[in-house]
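Everything on this sheet refers to the single structure shown next.
The values are calculated or read from the model by the stated rules, or taken from the named source; none is laboratory data. Since the model is a prediction, treat every value here as computed from it, not as a measurement. Neighbour counts run over all protein chains shown; Cβ positions are idealised from the backbone, glycine included.
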Amino acid sequence: MSSSDITSAVPSWHFLMHPQAPLTVEQNDVMDTHDSFADGFVGREEILGVETTFICYFEANNLMDAMKQALARIEHIPGVLIESIELNPHSFEHNGMQTASVVRNPD
């Protein structure tokens with residue numbers, strides 16, 4: 001079997017990025033018009049003027065690479081700084097990272 005016959009599955013990562021502040025009208029306009037966001041790998045959920053969350057979905061060999069891909073796109077929005085990143089518990093399970101030290105938040 002040649003190496004071209006062997007394909008390895010690249011893990012898919014779903015996570016949320018929380019900026020320090022909600023997007024401004026100008027920042028929303030950039031996200032609405034910039035080509036980096038046209039494919040839907042970084043979307044947004046927001047309560048206008050109150051809270052913005054970036055919903056990210058990337059295929060990458062590891063979580064760090066997936067986050068780097070998302071941040072490279074978010075850099076196109078001037079003034080946005082990411083405060084925290086939230087990983088969906090499903091991603092841990094889906095990518096074989098579920099361990100005794102990774103627990104779900106209580107419902």
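Note on the range 75-92: residues that are β-branched (Val, Ile, Thr) and within 15 Å of Trp13 (Cβ to Cβ) total 1. Restricted to the range 7-23, and to residues that are at pLDDT 90 or above and either among the hydroxyl-bearing types (Ser, Thr, Tyr) or over 19 Å from Met64 (Cα atoms) (or both), which residue is surrounded by the most Cβ atoms within 10 Å (Cβ to Cβ)? Applying the filter and picking the extreme gives Leu23. Within the range 38-81, if we keep just the residues that are among the basic types (Lys, Arg) and touching a strand residue (DSSP E or B) at 6+ places or on another chain (Cβ under 7 Å), the residue that is nearest to His94 (Cα to Cα) turns out to be Arg44.
The residues of the range 24-37 that are under 15 Å from the mean Cα position of the chain (by Cα) and buried (at least 16 other Cβ atoms within 10 Å of the Cβ), listed by number, are Met31, Phe37.
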